[in-house]
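Visitor: One structure coming up, written as structure tokens, with questions to follow.
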Amino acid sequence: MIQFEKFYSFPAQDVEAIATTEGTTDFPFRLLVHLRSGRSLGVNYETESARARTKASLEARIDNELNGTDLIKGIQNDIKIIYQTIRSMEKRQLRIFRMIKTLLPPTEGEPKGDEDL
């Protein structure tokens, strides 16, 4: 969900266009978000730079949500956690194997040390 100036919240997939228009006399700069449903959400700004910053931020958040960069980062974090878990399990299994090997006497054909590890 995209948050637009704490007034509106909408899914990024519903955005059709973002437009800049003229506002009222007190707040002459207006930013409109047109949704696919035909509804338009607008906020007025005092300065053109504030409107431009908000528009750039809104476009970036929509792009991130639509292109899945947040999803990709989440997947990369999950893969990293899985890799670390597997690696720690391998170390633990090796430690257990060595402990068992020291407790049991070697059988025929097995070396006495850790040469095969």
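The values are calculated or read from the model by the stated rules, or taken from the named source; none is laboratory data. These figures come from a predicted structure and were not determined experimentally. Heads up, the Cβs are rebuilt from the backbone with ideal geometry, glycines too, and the neighbour counts pull from every protein chain shown.
Visitor: Of everything in segment 46-96, what is touching a residue at least 12 places away in the same chain (Cβ under 8 Å) and not basic (Lys, Arg)? Give them in sequence order.
Guide: Taking segment 46-96 and keeping what is touching a residue at least 12 places away in the same chain (Cβ under 8 Å), we get 46-48, 50-51, 54-55, 58-59, 61-62, 65-66, 94.
Residues satisfying the conditions are GLU46, THR47, GLU48, ALA50, THR54, LEU58, GLU59, ILE62, GLU65, LEU66, LEU94.
Visitor: Would you confirm, using the coordinates I've provided, whether ASP78 is acidic (Asp, Glu), surrounded by 10 or more Cβ atoms within 10 Å (Cβ to Cβ) and not assigned by TED's automatic domain parsing to the domain that holds TYR8?
Guide: Yes.
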